[in-house]
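Please treat every number below as a calculation from the coordinates, not as lab data. None of these values were measured; they are calculated from a predicted model. All Cβ positions, even for glycine, are placed from backbone atoms using ideal geometry, and neighbour counts span all protein chains on display.
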């Protein structure tokens with residue numbers, strides 16, 4: 001049975017008119033919300049954060065970078081590195097989503113678990129964007145909560161198939177945030193950064209080995225760190241048919257992974273906020289259903 005009171009966070013500007021053939025599926029956020037409504041998972045539990053601005057992200061990003069990004073003044077090379085064409089609509093969602101992750105974390109601290117219908121932009125660095133990521137919602141949320149003294153320490157548990165290089169680089173000198181990335185080693189980004197814990201998996205790893213690593217790692221980290229909050233990047237690009245993946249994880253393996261992580265946090269009494277991370281698929285409805293897995297599993301706790 002689903003818990004109808006699971007806090008969910010979404011903003012209407014997350015999806016907008018965009019090239020449907022682009023690898024980054026902008027429509028997936030609205031499709032995800034629609035699917036969750038069909039499943040009876042959205043009622044009075046949907047929260048909407050404020051529209052963001054570049055000034056919000058100056059907390060963790062270079063002021064010049066976020067201002068130039070917002071005003072479309074980055075050089076063409078910098079925009080090519082990001083990989084998404086600039087638009088006002090893109091900027092609206094780009095600077096709103098980190099505030100959504102922060103709101104999700106706040107709700108998790110109050111309720112034990114909360115889910116963001118976006119987030120996981122872990123390739124964004126201090127002064128440049130990369131891999132469809134322009135600003136880093138995970139770094140922003142962790143830094144802001146610590147600065148506000150709402151938490152003492154945070155665990156970022158990143159299970160996207162690609163290493164969370166931006167998050168690792170931005171938080172490397174913060175002793176109160178522990179970054180863990182479990183990813184495919186021979187995949188983007190090709191120049192890795194150093195997380196507090198990196199576990200680089202070989203291509204074509206399947207469910208048994210993958211889930212063994214996930215289970216052992218989350219339990220060990222919760223025991224060692226006793227964090228006040230877990231930010232869980234539930235990337236679904238580890239799925240065996242993902243177009244940018246390279247691992248061999250089944251749909252059932254995704255479900256078991258998310259259930260395993262959420263249950264581990266629940267059993268330790270550690271609040272967990274989830275973000276959807278990466279996922280790539282020409283079937284956009286199927287992609288939305290894949291991203292819904294972590295929310296469905298959270299609603300069963």
request  = List 294, 60 from most exposed to least, where exposure is judged by having the fewest other Cβ atoms within 10 Å.
outcome  = 60, 294
message = With 10 angstrom as the radius, rank 173, 122 by how many other C-beta atoms surround their C-beta, starting from the fewest.
response = 173, 122
task = Would you list the P(r) distribution for the range 1-102, with all Cα-Cα distances sorted into 5 Å bins from 0 and each bin expressed as a whole %?
result = 2, 11, 19, 20, 18, 13, 8, 5, 2, 0, 0
ask   = Using a basic spin-label model with each label point 7 Å from the Cα along Cα→Cβ, how many nm lie between residue 255 and residue 126?
value = 4.4 nm
remark   = The Cα radius of gyration of the range 72-211, divided by 2.2 N^0.38 Å with N its residue count, comes to 1.08
query = Among 42, 182, 82, which comes first, second and so on when ranked by fewest other beta-carbon atoms within 10 Å?
reply = 42, 82, 182
query = Among rounded, prolate and oblate, which fits the range 228-279 when a ≥ b ≥ c are the square roots of the eigenvalues of its C-alpha gyration tensor, a/c under 1.5 means rounded, and a/b larger than b/c means prolate?
reply = oblate
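How much length would be gained if the chain were fully extended between residue 300 and residue 263, taking 0.36 nm per residue of separation minus their Cα-Cα distance, in nm to one decimal? Mind showing how you got there, number by number?
Working: separation 37, 0.36 × 37 = 13.32 nm, distance 1.00 nm.
So the chain would gain 12.3 nm between residue 300 and residue 263.
Would you calculate a helix-derived [θ] at 222 nm for the chain, using -39,500 (n - 2.57) for each DSSP H run of n ≥ 4 and dividing by the full residue count, to the nearest 500? Spell out each step's value before the answer.
Values: 10 runs with 124 residues, N = 301.
Result for the chain: -13000 deg cm²/dmol, rounded to the nearest 500.
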ask   = In whole angstrom, how far apart do the alpha carbon centroids of the range 94-141 and the range 229-291 sit?
value = 16 Å
task = Work out Dmax and Rg for the range 149-300 from the C-alpha atoms and quote the Rg first, both in angstrom.
result = 14.5, 43
query = Got the relative contact order for the chain handy, in percent, Cα pairs under 8 Å and 6 or more residues apart?
reply = 21 percent
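Taking R0 as 45 Å, what FRET efficiency do you get between residue 202 and residue 284 from their Cβ-Cβ distance, rounded to the nearest 0.05?
Working: r = 30 Å, r/R0 = 0.66.
Calculated value: 0.90.
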inquiry  = Suppose the Debye formula is applied to equal point scatterers at every Cα of the range 53-147; what is log10 I(q)/I(0) at q = 0.20, 0.23 Å⁻¹?
reply    = -0.91, -1.16
note = Within the chain, the percent of DSSP beta bridges that are antiparallel, given to the nearest 5, stands at 5 percent
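How would you classify the range 181-221 from its alpha-carbon gyration tensor, with a ≥ b ≥ c the square roots of the eigenvalues: rounded for a/c under 1.5, else prolate if a/b is greater than b/c, otherwise oblate?
Details: a/c = 4.16, a/b = 1.24, b/c = 3.37.
Since a/c reaches 1.5 but b/c is at least a/b, the shape of the range 181-221 is classed as oblate.
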